[in-house]
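Beneath this line is the structure, given in structure tokens, with notes to follow.
The values are calculated or read from the model by the stated rules, or taken from the named source; none is laboratory data. Bear in mind the structure is a predicted one, so any value in this text is a computation, not a measurement. Don't worry about glycine lacking a Cβ; one is built from the backbone with ideal geometry, like all the others, and counts go over all protein chains shown. For the accessible areas, the whole protein counts, side chains as well, though only heavy atoms, and no ligand, DNA or RNA atoms are used. Shrake-Rupley method; radii C 1.70, N 1.55, O 1.52, S 1.80 Å.
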Amino acid sequence: MSYTIASVEDMEEEALLYPTTNLRRRQHDDDGTAAGAVVPLPQTKNQQNIIAETYAWQRITSFANYNNVFVIFSLSMNIVLLILVFVLWQERDAHSSVSSARFFCTNGANGTGTVDASSAKDTVSATFTKNTTTITSSEMKNKTNSKTSMDVIAAVGGGASCYIRPKRIFGHLHMAKTGGTSVNGILANKYERVCGNKGYSYDAYQANEKALNQTGSVRPENNPRDRVRPPTWREIGFEDCDYVSLETGWKAWNQFSDFHGIPMELHIPCRDRIDHLMSNCNFRHKQIDCDADDPDLFRAVQACHLNAKKKQTINRYSDNILNFENIQVKCYDFKKQFTSYMDYMSLYLQPRRLESKPYKNRETNLPRNKSEECIWSRPDVYHKVDQYLLRQYPYYSFCERCLGSENDITRE
């Protein structure tokens, strides 16, 4: 049942607090029916004022108590929500920066572990057969600035070099006369699982030892292992390669668009256009006649890029490569290929157990005499040919865009 009290000044409920006289009280059932009852009611005006003041204070304190409960409840829910958001964010960050991985070590110790490449926790924990090793940020080399990258190489006590196999394959588009033979050969001689036209890791040691035993310059065609033909590398495949270097048409890279679910980072070497052209002319035993009219001049430029099969070697690159799925295209500066570029690749490739030292260059071009190249002393011809190369060949326009951009591996 519920009760309401009828009294003077509409202060029915307060009468219960000061029972001094008679008051007719209506007793209500929940359905609204009433029954009569008598309760005390104060008769003086002063008593009624006291009741009114008391009632008003009760209403205020009652509302305040209710409001406090609501505020406390709201604050509690907000705190719970914040904690939930924090936990979920930590879980998300953990998934993005921590990954299980397999370690490969030069001392033969292999194992499993986790890598945390977040900015706050640059640590590697690896469990090996005999012990557990934790490698702190001061003992490791971070592979990239990306928080989500799991590509980490770490030095473990005892001189062992352990690493985590990259989550992607690295590709090297061997553009003619950009030092690709040396890049391929040096990496194959120094690191595991390098595969290319100019050398594979698995036999690079013996190939370099053979070259060291030869006097004078060494050319790749003199050693079959220094020049792997397309039928051979197609037969071998690239399933066990971390780095692939190919001097072939651009369409060959499309096979890595769907390569066992493994993405590729493809590297394009970029060389000064005129210097690159003249190196090709030297290789083809061609000359640029600076006094020729434009049609003959440009035909001479094209001839320098033709191989023995009358194909433009410069067309090893095509902008179509930029649209291949799962292939990220980057560039590097030709002048930094044996410094910054080698430093970059050292972060991702596994060092060989044994390395043949020193690496002996394989020569693919004859010495150049730049003083005999008229283009360097003819600014008008230099500019004309330079702009022609930029318009005519997508390779040069790509390099123009890429060098100095975020996709330039050697950008400082």
Q: Starting from the eigenvalues of the Cα gyration tensor, five times each then square-rooted, give me the equivalent ellipsoid semi-axes of segment 193-282, largest first, whole Å.
A: 25, 21, 11
**Q.** Set Lys310/Lys330; Lys360/Lys384; Lys310/Lys384; Lys177/Lys384 screened for pairs whose C-alpha atoms are more than 32 Å apart
**A.** Lys360/Lys384
**Q.** Inter-part distance where segment 334-363 and segment 173-250 are each reduced to a Cα centre, Å
**A.** 13 Å
Q.
Give me, ordered by chain and number, the residues 5 or more places off Val244 or on other chains with an amide H under 5 Å from its own placed amide H.
A. Phe170, Gly171, His172, Cys195
(Q) Given a 1.4 angstrom probe, I'd like the percentage of the accessible area of segment 267-353 that is carbon and sulfur, rounded to a whole number. (A) 45 percent
Q: With a bin width of 5 angstrom, please list the P(r) values of segment 280-387 as percents of all Cα-Cα pairs, from the 0 bin to the one holding the largest distance.
A: 2, 8, 12, 15, 16, 16, 13, 10, 5, 3, 1, 0
Q: For segment 350-358, just list the computed ³J(HN,Hα) in residue order, Karplus coefficients 6.51, -1.76 and 1.60, θ = phi - 60°, integers in Hz, with x standing in for Gly and Pro.
A: 7, x, 6, 5, 10, 10, 7, 10, x
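Can you sort Arg378, Arg271, Arg234 by solvent-accessible area, 1.4 Å probe, largest first? If you can, show how the numbers build up before the last one.
On the way: Arg378 70, Arg271 35, Arg234 150 Å².
Largest to smallest exposure gives the sequence Arg234, Arg378, Arg271.
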**Q.** Cα-based convex hull volume of segment 255-301 per residue, rounded to whole Å³
**A.** 122 Å³
Q) Order of 194-201, 73-80, 225-232 by packing, highest average Cβ count within 10 Å first? A) 194-201, 225-232, 73-80
Q) Roughly what percent of Cα-Cα pairs across segment 312-371 reach past 13 Å? A) 81 percent
